[in-house]
Amino acid sequence: MAGRGDYAVHRLSPPAVRVHGDRALAELPLIIEWRIDIEGVEADLASACRSQYRAERGADGLWRIARITSIYEKDTLVPVLPGTRLAVDAAELAGHRPSYRFLAWYLNRKGYTVGDHHLGDDQPEAVAEQYRAEHTWLYQSPTTPATSADPRKETLS
């Protein structure tokens, strides 16, 4: 995205880390923040999510990130100047999931493709399965093939 001049700040909070042998699972809350322009009006877009990092310690003793999965919680879109009206068509928003509605809407307007397949709190069963899969991965033997009910790669942030 930066190559196209689109910059977002990712504000990270302290992670919770669980370590089991040579595997670790870290989860950290974060907010993706953008100052954007909507039809000439400055607005702030904020998308709350939490990211899960799988890490493995290699034979050399170094820890390496093996996978990152994000779970989208909610997002907001507000004008920078209070009381200013944003030109947002409710019908355009209706096609996007609540957990990342404004983020998907904005990125689609910018020419990015954002599908509705990303993990989000508006689909609690999929999120619960993600947590089960991460727990299984963390506590299984390293020689057992890792499994995940949802091996999707995140591309939103």
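The values are calculated or read from the model by the stated rules, or taken from the named source; none is laboratory data. Just so we're clear, the structure is a prediction, and the values are computed from it rather than from any experiment. Cβ atoms come from the backbone with ideal geometry, glycine included; neighbour counts cover every protein chain shown. Quick note on the areas: whole protein, heavy atoms, side chains included, nothing else; ligands and nucleic acids left out. Shrake-Rupley method; radii C 1.70, N 1.55, O 1.52, S 1.80 Å.
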(message) Being open to solvent by 50 Å² or more (accessible area, probe 1.4 Å) and modelled with pLDDT under 90 is the requirement here; does Asp121 meet it?
(response) no
(request) Enumerate the pairs (first residue in region 26-48 and farther than 30 Å from Tyr139 by Cβ; second residue anywhere and open to solvent by 50 Å² or more (accessible area, probe 1.4 Å) and among the small types (Gly, Ala, Ser)) with beta-carbon separation below 8 Å, excluding pairs fewer than 6 apart on the same chain, so at least 6 apart or on different chains. (result) Ile32/Ser157; Ile38/Ala87; Glu39/Ala87; Val41/Ala87; Ser47/Ser157
